[in-house]
Amino acid sequence: DALAPVEALADAWDFRVAQPAIGQVRIDDEDLSARLATRAEELKRLAGLKDRIIAGIKSARPRLKKSDLMLRGLGGEVTGADEQGITTRTITGRDESLAWSGLGQKATKRLVELVIDRNNADDLAAAGLLALVAEDPALAEVYFEEARLQGMNIDHYLAPLAAAGLAHARILLATK
């Protein structure tokens, strides 16, 4: 319950605000405190990855097309990115703002692939964490496994991965 506001910020891709917010959470239990410290590190990793995604979008030449990132809606070109989301101009000339949290799994995967180094375990771990935020535990598992193959100890990522998988299974059961 104490982490709910922090997790709501993370779900909205507001990792920079979530970092100080998690610092305000106080837990007396030693095991939970360790998990809290791990989550703070994860938020830092996610913020760094988001910064790289924003920079990658801004520096892309020629400009990226919406289809390059698998962004929904009318076709067009990506005109920018900032802390709030991605801006585009549709083929009809209309400007639109797309919030990070509403991009969907396919777009998130494309954004990650735009900036990570598949030979860097830290990048792969950050990609796995972002896949969890995007509610894609299968993709997260792929990235974490690749990080493990690069030599990273991924044990502390297994609990959030299992929790995401269980949540996904519950949704599937609820929708039959």
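Okay, helix-only estimate at 222 nm for the chain: each DSSP H run of n ≥ 4 adds -39500 (n - 2.57), divide by all residues, round to 500 deg cm²/dmol; what do you get?
After summing the helix terms and dividing by residue count, I get -19500 deg cm²/dmol.
At Glu145 and Ile91, where each label point lies 7 Å from the Cα along Cα→Cβ, what is the point-to-point distance in nanometres?
Rounded to a tenth, the inter-label distance reads 3.7 nm.
Accessible area, 1.4 Å probe, largest first: how do Ile91, Ile53 sort? Don't jump to the answer; show the numbers that get you there.
Values: Ile91 130, Ile53 0 Å².
Order by accessible area, largest first: Ile91, Ile53.
Could you derive backbone 3J(HN,Hα) for region 152-168 from the dihedral phi with the Karplus parameters 6.51, -1.76 and 1.60 (θ = phi - 60°), listing whole Hz in sequence and x where the residue is Gly or Pro?
7, 7, 9, 3, 6, 8, 5, 5, x, 5, 5, 4, 5, x, 5, 4, 5
Quick query: amide H of Gly76 versus all other amide H atoms, modeled in the peptide plane; which residues come in under 5 Å with a sequence gap of 5 or more or a different chain?
Lys66, Ser67, Ile91
Taking K and R as +1 and D and E as -1, what net charge do the other residues with C-beta under 11 Å from the C-beta of Asp136 add up to?
Values: positive: Lys106, Lys109; negative: Glu135, Glu141.
Within the 11 Å Cβ shell, the charges total 0.
Count charges around Gly76 for me, please; just the other residues with Cβ under 12 Å from its Cβ, Lys/Arg as +1, Asp/Glu as -1.
Working: positive: Arg63, Lys65, Lys66, Arg72, Arg89, Arg94; negative: Asp68, Glu77, Asp95, Glu96.
Taking every other residue near Gly76 into account, the sum is +2.
Quick one: which of Lys44/Lys65; Lys65/Lys176; Lys50/Lys106; Lys58/Lys106 span more than 27 angstrom between C-alpha atoms?
In this structure, Lys44/Lys65; Lys65/Lys176 exceed 27 Å between Cα atoms.
How many Å² of accessible area per residue for region 1-83, probe 1.4 Å? Walk me through the numbers on the way to the answer.
Details: 4730 Å² over 83 residues.
I get 57 Å² per residue for region 1-83.
With every protein chain present, what accessible area does Asp82 have (1.4 Å probe, heavy atoms only), rounded to the nearest 10 Å²?
Approximately 60 Å² of Asp82 is accessible to the 1.4 Å probe.
About the Cα centre, and with charges only on the beta carbon of Lys, Arg (+1) and Asp, Glu (-1), how big is the dipole of region 45-149? Nearest 20 debye, please.
On the way: 16 positive and 16 negative charges, 92 e Å.
Dipole size: approximately 440 debye.
How large is ³J(HN,Hα), in whole Hz, for each residue of region 8-23 in order, when computed from phi with the Karplus curve 6.51 cos²θ - 1.76 cosθ + 1.60 and θ = phi - 60°, using x for Gly and Pro?
Working through the residues one at a time gives 5, 5, 5, 4, 8, 6, 9, 5, 5, 7, 5, 4, x, 5, 5, x Hz.
In whole percent, and with a 1.4 Å probe on the protein chains, what portion of the accessible area of the chain is carbon and sulfur?
Working: 5300 of 9880 Å².
The value for the chain is 54 percent carbon and sulfur by accessible area.
Mean projection of the alpha-carbon convex hull of the chain over all orientations, in nm²? Present the calculation step by step, with values, prior to reporting the outcome.
Working: hull surface 45.3 nm².
Projected over every direction and averaged, the Cα hull of the chain covers 11.3 nm².
The values are calculated or read from the model by the stated rules, or taken from the named source; none is laboratory data. Keep in mind it's a predicted model, so treat the numbers as computed, not measured. Cβ sites come from the backbone with ideal geometry, for glycine too, and all protein chains shown count toward neighbours. Calculation scope for accessible area: heavy atoms of the full protein, side chains included, ligands and nucleic acids excluded. Shrake-Rupley method; radii C 1.70, N 1.55, O 1.52, S 1.80 Å.
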